[in-house]
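Heads up: the structure comes next, in structure tokens.
Quick note: the coordinates plus some simple rules give every number you see, no bench work behind them. What you are looking at is a predicted structure, and each value in this text was computed from that prediction instead of being measured. Ideal geometry is used to build each Cβ from the backbone, glycine not excepted, and the neighbour counts take in all protein chains shown.
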Amino acid sequence: MNTATRSTFPNSKFAIRNSKSDGFCVEWDPRFVEEAVLRAVEARRVQGFRGERNRLYEIQDPEERDAAFREFHAVWFERLNLGGVIWRALQEQPLILANTRACIVAQARASRDEGAELFVSPAGEGVGEADRRSVGIRLGPQRLLDADHLLTFLRHEVLHIADMLDPTFGYEPRLPRAELGPAHERLLQDRYRVLWDTSIDGRLVRRNWAPPSVRDRHFHEFTKTFPMLGERLEEAFSHFFDATTLTHADLVSFASNPLAFLTSFSDPHFSNSTFEIRNSKSSADPRPPLHAGERCPLCGFPTHAFVPNPNRLPSEILARIRADFPAWTPSRGVCLQCADLYRSSPRSDAGAAFAPADSKR
Amino acid sequence: MARVPNWQLGREMTYPYEAAFPERQFAFVFNINRCIACQSCTMACKSTWTFSKGQEHMWWANVETKPYGGYPMFWDMKILELLEQANPEGPSWSGKLSDDRQGPYGQFDGRTIFEAERMLTPDSARVLGYLPTDEEWNSPNIYEDNPVGERGKFFEWHKTGEQLPVHKTWFFYLARICNHCTYPACLAACPRKAIYKRPEDGIVLIDQQECRGYRKCVEACPYKKSMYRGNTRISEKCVACYPRIEGRDPESQGKPTETRCMAACIGQIRMQGLVKLNRDGTWAEDRYNPLYYLVHVAKVALPLYPQFGTAPNGYYIPPRWVPRDYLRQMFGPGVDQAIERYENPDRELVAVLQLFRRSKFIIYRYEMKEGPKVYEGTLRGRRVSLYNDTVIAYGKDGEELFRTTVEEPIHVRPAIHANSI
């Protein structure tokens with residue numbers, strides 16, 4: 001049953017509250033609703049909307065007028081069935097309907113903020129587990145104009161939420177701390193995200209909820225994230241994309257140490273040497289390019305900012321690097337900080353020539 | 001659609017309404033070569049007009065770093081892209097620069113935003129445009145100070161990139177307000193006729209009682225200077241500080257006064273005025289009006305994106321270090337001549353450039369009194385002479401506003417002064 005009532009929405013006076021399942025409701029941010037309606041009316045060339053809306057401007061009291069606008073847009077939001085796709089995506093996940101009490105749909109500030117989150121409030125006496133949980137979805141209102149694309153996007157997002165609620169997945173909100181510091185924590189997060197996304201879209205493809213081309217996109221990302229897997233990339237990728245049951249622990253374990261995980265495979269081709277972590281300071285072997293989170297071969301610090309194409313560095317800089325690191329080749333990569341250091345080294349040398357003799361060492 | 005004359009395009013064009021010209025037109029010249037992007041103009045406007053709830057994202061006056069910056073984000077790239085689609089054969093100019101005030105820049109042969117019928121969606125739309133998303137309004141000063149280097153070279157600026165005539169590593173600051181266009185796209189697009197152009201000064205205003213928030217003006221204005229206010233559900237735009245123009249602002253002392261953004265300009269890049277118009281919309285001969293001189297005599301000031309077709313009344317002295325193809329796209333075919341003249345100014349131009357920001361009152365006329373030669377030398381292979389001429393500015397009723405000289409007066413502070421230690 002679909003009912004529409006008002007309820008309090010964070011940061012605004014009214015929100016539309018829909019309930020299609022017992023105990024579960026969706027609350028819509030009025031600002032999101034209004035913007036979505038205005039864009040939909042324009043795109044669909046809806047008749048009769050403007051005349052009705054224009055009359056609301058005659059209401060003198062600002063608060064009354066604002067309330068009237070919100071109610072008006074809410075009615076049109078329902079009439080144009082703009083929320084239907086979101087409802088559908090949610091209803092496809094019984095775990096969400098059973099284990100949360102509400103979904104709050106709000107406007108994303110920017111496209112990078114779009115997505116779904118699970119919110120859990122602190123435990124309170126007499127408050128059930130499900131009542132503490134709610135789903136937050138942030139979207140750009142223009143998204144609602146393209147229902148097919150939106151559904152694909154939402155299915156991916158809500159499957160993340162479903163995994164988080166699934167006891168067999170065993171989700172933990174925090175990843176283990178990386179001993180090597182914040183750069184590695186970010187690396188772990190990136191790897192975890194890639195693995196989880198891969199696993200989710202694999203499941204969506206098998207349900208025909210995502211196009212098969214998704215596989216190629218994820219394999220490309222997987223390749224960039226786990227270049228150390230070499231010729232075993234496809235096999236490892238398939239392990240996640242084609243898996244039916246994976247747990248949070250599986251993802252964390254692989255993300256933390258992909259090499260150790262793969263050595264546990266029974267395939268005799270897997271060996272430590274295949275997946276050796278590069279010790280970039282001593283080796284001159286040609287190797288694949290470095291990736292975010294790896295160590296710069298010059299300074300040895302983990303970094304996310306490598307020079308995009310070291311071959312294009314000026315020849316005098318390349319020569320200066322080679323003078324200090326004879327085994328280094330541009331294909332081994334260099335971080336931006338080291339490149340800056342070598343770029344400015346002629347000036348440092350020139351400055352040193354003018355320094356007092358006792359300061360030269 | 002009516003046929004209206006557009007002297008900036010050197011031809012007639014189509015426009016939804018018949019041409020109607022004010023007695024005088026609000027206009028301004030910005031000298032980009034002087035702008036330091038201090039944002040004093042931006043804040044002067046903000047603190048005067050857009051400081052209320054619901055106006056947080058509104059910056060009627062802004063300064064953006066070109067080529068990457070823009071408020072809203074990429075506004076000019078987006079509208080140029082639409083215009084390119086409307087002109088698949090390429091928007092182009094023909095003819096030559098001339099002294100003809102009906103077409104000083106030659107003729108624009110492409111379609112304007114009013115003439116791109118086949119691109120309009122829905123068909124009933126009158127103007128080619130787009131509605132920026134909230135995200136695009138969110139970062140008013142995005143890409144500040146981001147320069148362009150050589151194509152294909154990353155993290156490396158050209159070694160001699162700072163040398164004229166054209167810098168190989170460059171950016172510049174583009175200060176913008178509403179252009180109070182002769183053919184406003186916002187006015188053309190408003191389904192409720194809530195936007196009007198004042199007959200006395202050509203200032204374009206949105207009637208706040210009539211606006212019903214269709215946002216067609218926001219969509220249509222190619223410069224994106226009409227903005228929607230979410231809490232009132234009404235669009236707003238620059239009002240050209242009209243109480244100051246009318247001399248009714250308490251600060252005006254009854255005299256026509258320049259806008260807040262002009263008066264606040266630290267870099268002295270701005271001059272604003274009210275130019276007389278002919279019946280065909282061209283500027284009436286007014287030889288000693290400084291704006292007339294800069295636009296039609298010295299021809300150093302050019303309209304911003306004249307190819308849009310709105311006949312904007314904001315004129316810019318283009319930045320002399322920027323690659324010319326970029327500037328030609330932005331200011332039309334007059335760029336090379338404008339820069340050449342600005343770099344090698346004659347005696348009168350040097351004097352007129354001293355008028356910028358010596359007073360907050362609108363200058364209606366200037367007069368030059370010749371002074372002695374104070375410098376002779378060579379600059380970029382040319383003989384240069386500098387004269388310490390005096391330039392006198394007059395107000396609406398012919399009263400002298402101020403007089404200044406080419407050589408800046410030197411004031412020697414007395415040994416004992418207000419904050420002596």
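Take the alpha carbon gyration tensor of region B:359-421, find the square roots of its eigenvalues, order them as a ≥ b ≥ c, and report rounded if a/c is under 1.5; if not, report prolate when a/b exceeds b/c, else oblate. The shape class here is oblate. Loop-located GluC sites (Glu not before Pro) in region B:65-145 (DSSP state not H, G, I, E or B) with no more than 15 neighbouring Cβ atoms inside 10 Å: B:E89. When the alpha carbon coordinates of region A:182-263 are projected onto the principal axes, the ranges are 37, 25, 22 Å, largest first. For region A:40-92, applying the loop criterion from DSSP together with a ceiling of 14 other beta carbons within 10 Å to the GluC sites (Glu not before Pro) yields A:E58.
Distance distribution note for region B:179-294: the fraction of Cα pairs above 17 angstrom is 62%. Taking the number of Cβ atoms within 10 Å of each Cβ as an exposure proxy, the fewest-first ranking of A:C25, B:C181, B:C211, B:C38 is B:C38, A:C25, B:C211, B:C181. Positive contributions from Lys and Arg (+1) and negative ones from Asp and Glu (-1), summed over other residues with Cβ under 11 Å from the Cβ of B:E56, come out at +3.
Under 11 Å from the Cβ of B:K255, count the other residues' Cβ atoms, weight Lys and Arg +1, Asp and Glu -1, and hand me the total. Charge balance in the 11 Å sphere: -2.
Rounded to the nearest 5, what is the percent of antiparallel bridges among the DSSP beta bridges in region A:3-165?
On the way: 17 of 27 bridges.
Just about 65 percent of them are antiparallel.
The simple spin-label model puts a point 7 Å past each Cα toward its Cβ; for A:R109 and A:S121 those points are separated by 2.4 nm. Distance from the Cα centroid of region B:358-393 to that of region A:300-341 is 54 Å (rounded to whole angstrom). Between the listed residues B:A418, B:A220, B:A301, the Cα displaced farthest toward the positive end of the dipole of chain B, a dipole computed from Cβ unit charges relative to the Cα centre, is found at B:A418. Please report the spacing between the Cα centers of region B:1-58 and region A:67-110 in Å, no decimals. The distance from the Cα centre of region B:1-58 to that of region A:67-110 comes to 41 Å.
Placing pseudo-labels 7 Å out from each Cα toward the beta carbon at B:E408 and B:V374 gives an inter-label distance of 1.1 nm.
Ranking A:H184, A:H73 by Cβ neighbours within 10 Å, fewest first, what do you get?
On the way: A:H184 15, A:H73 25.
Ascending Cβ contact count within 10 Å gives the list A:H184, A:H73.
Mean partner shielding of peptide B:133-139, defined as the number of other chain Cβ atoms within 10 Å of each residue Cβ, is 4.
Calculated on the alpha-carbon coordinates, the convex hull of the protein assembly as shown measures out at 264 cubic angstrom per residue.
Quick one: go through region B:13-46 and flag any residue whose amide nitrogen is under 17 Å from the point 7 Å out along the Cα-to-Cβ line of B:Q107. Counting only backbone N, you get B:13-14.
Distance between the C-alpha centres of region A:200-263 and region B:191-214: 58 Å, rounded to the whole angstrom.
Paramagnetic label reach from B:M43 (point 7 Å along Cα→Cβ; backbone nitrogen cut-off under 17 Å): within region B:241-268, residues B:260-268.
At R0 = 25 Å, how high is the FRET efficiency between B:N344 and B:E400 if r is their beta carbon distance? Nearest 0.05 is fine. Walk me through the numbers on the way to the answer.
Details: r = 30 Å, r/R0 = 1.21.
Between B:N344 and B:E400 the formula returns 0.25.
Principal-axis analysis of the Cα atoms of chain B puts helix B:40-49 at an angle of about 50° to the longest axis.
Based on alpha carbons, the Rg and Dmax found for chain B are 21.6, 74 Å.
Shielding value for A:107-113 is 2, the average number of Cβ atoms from other chains within 10 Å of each residue's Cβ.
Rounded to the nearest 0.05, what FRET efficiency do A:A319 and A:R347 give with R0 = 22 Å and r taken as the Cβ-Cβ distance? Could you check? Rounded to the nearest 0.05, the efficiency is 0.85. Between B:A125 and B:K153, the simple spin-label model (points 7 angstrom out along Cα→Cβ) gives 4.1 nm.
Cross-link reach is defined here as a Cα-Cα straight distance under 30 Å, omitting same-chain residues fewer than 8 places apart; for B:K224 the lysines meeting it are B:K46, B:K53, B:K66, B:K78, B:K168, B:K193, B:K197, B:K216, B:K237, B:K276, B:K299, B:K360. A protection proxy built from the mean count of other Cβ atoms within 10 Å ranks the segments B:2-9, B:378-385, B:318-325, most packed first, as B:2-9, B:318-325, B:378-385. Relative intensity of region A:3-165 on a log10 scale, I(q)/I(0) at q = 0.11, 0.16 Å⁻¹, equals -0.46, -0.92, per a Debye sum over C-alpha point scatterers of equal strength in the absence of solvent.
Taking a sphere under 12 Å around the Cβ of B:Y292 and counting the other residues whose Cβ falls inside, with K and R at +1 and D and E at -1, yields a net charge of +4.
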